Amino acid sequence: MRAAGIRELGGPVQLLELPGPRGPGPDEVLIEVRASGVGNWDDLVRTGDWDTGSRRV
């Protein structure tokens, strides 16, 4: 699957190839997302100006 992401804090946004999602469990659903938006807070997280408390994106 393709996803926009960063490899390091403050790094450039890149188009990444990632493994696809696992199949859903018995009480879960898998939702296909065809498009999503990017807001200014995404850039604040990317640069470290908004502390998310986690380094996972």
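Some points to look at:
- Residue selection: Trp50 satisfies the criterion of being in contact with a Leu (Cβ under 6 Å, 6 or more places away or on another chain) and modelled with pLDDT under 90.
- Residues in region 40-57 that are under 13 Å from the mean Cα position of the chain (by Cα), exposed (fewer than 10 other Cβ atoms within 10 Å of the Cβ) and not basic (Lys, Arg): Ser54 only.
- In the condition set (1) surrounded by 10 or more Cβ atoms within 10 Å (Cβ to Cβ); (2) assigned to a loop (DSSP other than H, G, I, E, B); (3) out of contact with any Leu (no Cβ under 8 Å at 6 or more places or on another chain), Pro21 is compliant with all but (3).
- Flag if Pro12 is outside any helix (DSSP H, G or I) and surrounded by 10 or more Cβ atoms within 10 Å (Cβ to Cβ): no
The values are calculated or read from the model by the stated rules, or taken from the named source; none is laboratory data. Owing to the predicted nature of the structure, the values given are computational and were not obtained by experimental measurement. All Cβ positions, even for glycine, are placed from backbone atoms using ideal geometry, and neighbour counts span all protein chains on display.
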